[in-house]
1. Under 5 Å between amide hydrogens, which residues at least 5 positions from residue A:72 or on another chain qualify, with H placed 1.01 Å from N in the peptide plane?
2. Can you send over the solvent-accessible area of residue A:133, 1.4 Å probe, protein chains only, in Å² to the nearest 10?
3. Computed FRET efficiency, Cβ-Cβ of residue B:88 and residue A:138, R0 45 Å: what is it to the nearest 0.05?
4. Nearest 100 Å², what total accessible surface is buried between chain A and chain B (probe 1.4 Å)?
5. For the protein assembly as shown, what does the alpha-carbon gyration tensor say about shape, rounded, prolate or oblate, given a ≥ b ≥ c as the root eigenvalues, a/c under 1.5 as rounded, and a/b over b/c as prolate?
6. What average number of partner chain Cβ atoms lie no more than 10 Å from the Cβ of the residues making up A:12-22?
7. About its Cα centre, what dipole magnitude does chain B give when the only charges are +1 on Lys and Arg Cβ and -1 on Asp and Glu Cβ, stated in debye to the nearest 20?
8. Let a ≥ b ≥ c be the square roots of the eigenvalues of the Cα gyration tensor of region B:34-102; is it rounded (a/c under 1.5), or, if not, prolate (a/b larger than b/c) or oblate?
Number of protein chains: 2
Amino acid sequence: MASEGPVKEVRLTPIRNGTVIDHIACGQALNVIKILGITENNIYSSISIGMHLTSTTLGGWKDIVKIEDRELDSKTAEKIALVAPDATISIIRDFCVDRKYKVSISDCVVGLARCSNPSCITNRGEPVETKFRVVSRCPVQLKCCYCDRVLMNISDNLL
Amino acid sequence: MASEGPVKEVRLTPIRNGTVIDHIACGQALNVIKILGITENNIYSSISIGMHLTSTTLGGWKDIVKIEDRELDSKTAEKIALVAPDATISIIRDFCVDRKYKVSISDCVVGLARCSNPSCITNRGEPVETKFRVVSRCPVQLKCCYCDRVLMNISDNLL
């Protein structure tokens, strides 16, 4: 019988250097992990993930992802915004928050997701980058600028 | 600038009640999560996941999964063994380890994975449960008792 010691709730310990993605809508941590390109064969830094944690900000449940020794480019941050529009990103350096910002979605989402319409010109092998207008931000809804198809299942169609 | 306080390495805080799956081969936490049936739309208890953590037992890197307020049945534990044969499972009650055991794989794996051979009788709509002999334990390799096909990609073929 070994005691693990008392604690108030499930949470993740701080990281020295890296990125904390907080206020992820509950359940979306797995999609954030996918966006970060983390698979069973592609892990080069320590990652901690909390799912279904109490959130005072979101007023219910949230997920959180901490990834060590990595900072995110703006494209990755915008992809995260598509699945977790309330997420905040904190850059951690030597255990301190060096920079913190809320993710955001441009009015025009270019090259981040594929259109779900197989007949869309962006799916026909032409050198045309995908482009969507944001028609709703809560929930996030994107409409293809070429074929007007509203994108369903954004997380399954991220590039 | 907010300090998150010092800590030696990424790790997860203890849970009050539930299950800790430790010594998971690095990268396999995502498959363990899949085995637990956790998806973006199916989360009812708090989960914390650590990936690519230093392991003295495995002598390299390991993953760990903690799930609150849930205990695993033997079928789930054996599925976990197929993707993480060195995993240990600890049942936590009131912050203490109530029971701890190493996962194990039976010599004959029944009804846990599908055969990857589409012509196998177990994939032809017949009321035949899948059955594999364990031909190697490190790495885990299973051979179908009906068609002799060695199962590749066990994690993609779990039932």
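1. none
2. Surface open to solvent at residue A:133 totals about 100 Å².
3. Efficiency computed from Cβ-Cβ geometry: 0.60.
4. Roughly 3500 Å².
5. oblate
6. 3
7. It works out to roughly 340 debye.
8. rounded
The values are calculated or read from the model by the stated rules, or taken from the named source; none is laboratory data. No experiment lies behind these values; they were computed from the predicted model shown. FYI the Cβ positions are ideal-geometry reconstructions off the backbone, even for glycines, and counts take in every protein chain you see. For accessibility, only protein heavy atoms count, side chains too; no ligands or nucleic acids. Shrake-Rupley method; radii C 1.70, N 1.55, O 1.52, S 1.80 Å.
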